[in-house]
Amino acid sequence: MDDSDHEKALAPQQSVDMKYGDTASFDQDALKLAEMGYTQDMQRNFSVFSVLGVGFSLTNTWFGISAALVTGINSGGPILVIYGVILIALVSVCVGITLSELASAMPNAGGQYFWANELAPKRFANIASYLTGWFAWTGAMFTSASVALAAGSAIVGSYQLTHPDLVIDRWMVFVAYQLVNIICFFFNCYGKTLPKVATVALWTSLISWFITMVTVPATAPTHQHAKFVFATFINNTGWQQGGIAFIVGLVNTNWGFACLDCATHLAEEVHRPEKMIPIAIMGTVGIGFVTGWFWSVSMFFSIVGDFQEIVATSTLVPILELFYRAIGNKAGAVVLEAMIITTAFGCLIASHTWQSRLCWSFARDRGLPGHQWLSKVHKGLDVPVWGHLVSCVVVAIIGCLYLASLTAFNSMITACIVLLYISYAIPVICLLVRGRSNIKHGPFWLGPIGLVSNYVLLAWTLFTFVMYSFPYVYPVEAGTMNYVSAVYAVVIIIIAVDWTLRGRKSFRGVGERKSDVSEVVDVVRRASVVS
């Protein structure tokens, strides 16, 4: 197939309407999906609000900051968080605009891997799509691992606060990690309840945010002055350059704005996704900034006592120690921490939803080993059960690394951010090479603003890939090294082996998908008539 044929394959299937006449009586969303070469396997149970619930519950900026609020500011102090949130929010607006434009133009559960396949030059389309799908899926599972660890640490820390004789061992957090992962697994086993779960998780997060943000400063016996909150720079990293210290600490704040592609992978479970998905993405960024920034300011004003003692708390959960010192009551501190733990459960449930959709959609195009099972949707449960199960099992296996090396595990948290950015960057590069004016635009399209956003995303991806690989502290030792480069190497090796042995022959690219369009559209037409 030459380039002209490839262009024809990517063009909208105008012949469909000519063949079948007026399609108003058909499911328009299913028909558009069929024109991409896919059948409607999932029911469209989500509303725009529940999609927003999944998107924000996963990103959950204020929760992400709570998990790293004090430990992260050893690399920059309050300045890192207060102004870092603003910086990352501005970058996330550009990321959100970029994802929203592509999701509006090509709404598909595959998200970035699908866009890469559609937009890349013919000879690079399959490998670009394949790499993007793998980076996105591994990034999602690393994200789930980081959330499960945050929740597990909070649970064990809360128990230790009320049992001060307990000395926390790593295996205790590991057990809590696995229990949290298992419990959240079951919430994604029945598709019809997921929209309600997402909505409840959204409100739980917002209510918990408001209660903690108001209660802590209201009950604190003393408060920090404004100079500490807005103008204090702390550098306990060993790096002589303050800028390097700020950057290596920025990864903690960046974690609170990660995973913005989540809503795009629900494109086949919501009506009019070309309009609803951009609303959910941009809403996630907006709510994330408001909740994250005001919560951070509130917590910094509420720090009581020696800052370093809070960092060195025996609970291993600095935000819990901050609560305890502000309230002066262990039970009250545990109650507030329970709100964060509940929010963490909602975050992990959303992350499971996200990673399972990534696995399932990528497997539809034979992008993963075992795609025969991973691509199946259970008709009764209306969820990709195997994709969900395998993803959660991998998250459980990743947790085992925590027992071996906390430093190596933390490197995967960094990897989850950078791998996701790379998965966004690949289709954006393909878009710019192809030409933004050479694709059919969706309802959400911002023209020059979108172009600037594309370049900001690419620049930030390159920045994070380089700078987030720096060691967290200096001088560098084996126990303090940033092993994120090793994580990248392992991921690349797995991808290379699978591509060589299986993927390059079996992966279903744009040419094969488009050749199946007429057959798929006919299936949708008959199903619509029967309905």
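Between Thr237, Thr291, the distinction of being under 28 Å from Met412 (Cα atoms), assigned to a helix (DSSP H, G or I) and either in contact (Cβ under 8 Å) with a residue 12 or more places away in the chain or of a type in the set (A, V, I, L, M) (or both) belongs to Thr291 only. Among (1) more than 16 Å from the chain's Cα centre (by Cα); (2) within 22 Å of Val147 (Cβ to Cβ); (3) among the small types (Gly, Ala, Ser), there is one condition Gly328 misses while meeting the rest; what is its number? The single condition Gly328 does not satisfy is (2).
One line per residue, one yes/no per condition, for (1) under 18 Å from the mean Cα position of the chain (by Cα); (2) in a loop (DSSP other than H, G, I, E, B); (3) not hydroxyl-bearing (Ser, Thr, Tyr):
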residue: Ala363; (1), (2), (3): no, no, yes
residue: Arg366; (1), (2), (3): no, yes, yes
residue: Pro369; (1), (2), (3): no, yes, yes
residue: Lys376; (1), (2), (3): no, yes, yes
residue: Tyr421; (1), (2), (3): yes, no, no
residue: Pro427; (1), (2), (3): yes, no, yes
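Pairs needed: first member in the range 158-172, touching a residue at least 40 places away in the same chain (Cβ under 8 Å); second member anywhere, open to solvent by less than 70 Å² (accessible area, probe 1.4 Å) and hydrophobic (A, V, I, L, M, F, W, C); C-beta distance under 6 Å; at least 6 residues apart or different chains. Matching pairs, first to second residue: Ser158/Val334; Gln160/Leu166; Gln160/Ile168; Ile168/Val156. Residue count for the range 204-219 satisfying the condition of being over 15 Å from Ser296 (Cβ atoms), among the β-branched types (Val, Ile, Thr) and crowded, with 19+ Cβ neighbours inside 10 Å: 1. The residue that is nearest to Cys416 (Cα to Cα), among those in the range 47-85 that are among the aliphatic types (A, V, I, L, M) and in contact with a Phe, Trp or Tyr (Cβ under 7 Å, 6 or more places away or on another chain), is Leu58.
Would you mind finding the one in Leu348, Leu374, Leu322 that is under 26 Å from Ala496 (Cα atoms), surrounded by 21 or more Cβ atoms within 10 Å (Cβ to Cβ) and in contact with a helix residue (DSSP H, G or I) (Cβ under 9 Å, 6 or more places away or on another chain)? Lay out the reasoning, then the answer.
Numbers: Leu348 fails: under 26 Å from Ala496 (Cα atoms); Leu322 fails: under 26 Å from Ala496 (Cα atoms).
Of Leu348, Leu374, Leu322, the one residue that is under 26 Å from Ala496 (Cα atoms), surrounded by 21 or more Cβ atoms within 10 Å (Cβ to Cβ) and in contact with a helix residue (DSSP H, G or I) (Cβ under 9 Å, 6 or more places away or on another chain) is Leu374.
Pairs are defined by a Cβ separation below 8 Å, a sequence spacing of at least 6 or placement on different chains, a first member in the range 462-477 that is outside any helix (DSSP H, G or I) and polar (S, T, N, Q), and a second member that is surrounded by fewer than 15 Cβ atoms within 10 Å (Cβ to Cβ) and modelled with pLDDT of 80 or more; the pairs so defined are Ser469/Ser485.
Counting only residues that are in contact with a Phe, Trp or Tyr (Cβ under 7 Å, 6 or more places away or on another chain) and assigned to a helix (DSSP H, G or I), the range 106-120 holds 2 of them.
The values are calculated or read from the model by the stated rules, or taken from the named source; none is laboratory data. Here the structure is a predicted model, which is why all the values come from computation and not from measurement. Using ideal geometry, Cβ is built from the backbone for each residue, glycine included, and neighbour counts are taken over all protein chains shown. Surface accessibility is based on the protein's heavy atoms, side chains included, excluding ligands, DNA and RNA. Shrake-Rupley method; radii C 1.70, N 1.55, O 1.52, S 1.80 Å.
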